[in-house]
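The values are calculated or read from the model by the stated rules, or taken from the named source; none is laboratory data. No experiment lies behind these values; they were computed from the predicted model shown. Neighbour counts are summed over all protein chains in view; Cβ atoms, including those assigned to glycine, are modelled from backbone coordinates with ideal geometry. Heavy atoms of the whole protein, side chains included, go into the accessibility calculation; ligands, DNA and RNA do not. Shrake-Rupley method; radii C 1.70, N 1.55, O 1.52, S 1.80 Å.
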Amino acid sequence: MVHAHEPDRPLRKVVVVEDDPVIADSLAHYLDELGYTICAQTASPTEAMTLLHKYEPDVITLDVDLGGASEGVAVATVLRTTAMYPIVFVTGAPAVRHPELKSFEASAVVAKPFTKQDLEKGIERAIRRAEDEGAF
């Protein structure tokens with residue numbers, strides 16, 4: 001199990017893809033407290049793809065409903081064809097609204113509103129799943 005606060009564990013890079021500034025700030029705050037490095041943050045699905053290829057993060061937090069649509073799922077679908085990033089889907093929608101999330105092996109879902117512990121568990125779950133898939 002990965003723990004962000006272990007001193008001998010290297011910092012993991014995170015790209016945050018979130019269109020709600022309040023949620024993005026919460027993610028940034030919690031990730032910093034957990035010892036993660038945010039290498040980029042965006043609300044744009046198009047920019048997210050560019051940033052992910054540029055920074056090659058260890059983990060992605062991805063809002064499912066970017067701009068009120070399922071753009072986060074579209075970003076994850078494209079990513080799945082090029083790389084197996086551990087993805088933490090962040091959503092305020094009920095899970096039944098996005099059954100397609102189950103098809104992403106190296107992922108976890110964290111419901112809004114979330115706590116620091118929810119986020120940490122989601123990251124650990126996504127990393128563990130990516131390791132199980134041999135992608136990490």
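Roll a 1.4 Å probe over the protein chains and send me the accessible area per residue for the chain in Å².
Result: 50 Å² of accessible area for each residue.
Since only GLN41, VAL78, ALA28 are under comparison, the one whose Cα sits farthest along the positive direction of the charge dipole of the chain, derived from C-beta charges on Lys, Arg, Asp and Glu, is VAL78. For ARG12, nonlocal amide neighbours, meaning residues 5 or more places apart or on other chains whose placed amide H falls under 5 Å from its own, are THR37. Measure up LYS13/LYS121; LYS54/LYS102; LYS13/LYS116 against 24 Å on the Cα-Cα distance and list the ones that go over. Those over the limit are LYS54/LYS102.
In a reduced charge model with +1 at each Lys and Arg Cβ and -1 at each Asp and Glu Cβ, the chain shows a dipole moment near 240 debye about its Cα centre.
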